[in-house]
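The values are calculated or read from the model by the stated rules, or taken from the named source; none is laboratory data. For clarity, every value in this text was computed on a predicted model and none was experimentally measured. All Cβ positions, glycine included, derive from the backbone under ideal geometry; neighbour counts span all protein chains shown.
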Amino acid sequence: MLVAGGHDVQPAASVEHVADADLLVLDLCESSAGRLAQFGPAIAATRTLAFYLHTDVETRTAALAAGCELVVPRSRMAREGAALVDGLLAVDVSA
């Protein structure tokens, strides 16, 4: 969906792989605590869009507490993923 929306997507195996990324997209549907711990430093340094299972409110709360800029249910990510990424990338954080 993101590639179809014109975005260059590179899977990241570790936090070192996202050092130059414009945006980190985290799938928190499985192993959310592990993903948040693994990518914690990148979340603090990079704009982050995370998605979770809509029934897992604890994961949403943990992702927001970890510093993810936008946390949406997986269904919304599937419908609006490219638009969500476009919106986050359009925000000027230097202002």
The residue from R47, R60 that alone is at pLDDT below 95, of a type in the set (D, E, K, R) and within 17 Å of V9 (Cβ to Cβ) is R47
Checked pairs for the stretch 20-34, first closer than 20 Å to S75 by Cα, second assigned to a strand (DSSP E or B) and not β-branched (V, I, T), C-beta under 6 Å and 6 or more apart or across chains, list as V25/L49; L26/A50; L28/A50; L28/Y52
Exactly one of G81, G67 is at positive phi and either of a type in the set (V, I, T) or surrounded by 13 or more Cβ atoms within 10 Å (Cβ to Cβ) (or both), and that residue is G67
Among (1) within 11 Å of L23 (Cβ to Cβ); (2) at pLDDT 90 or above, L89 falls short only on (2)
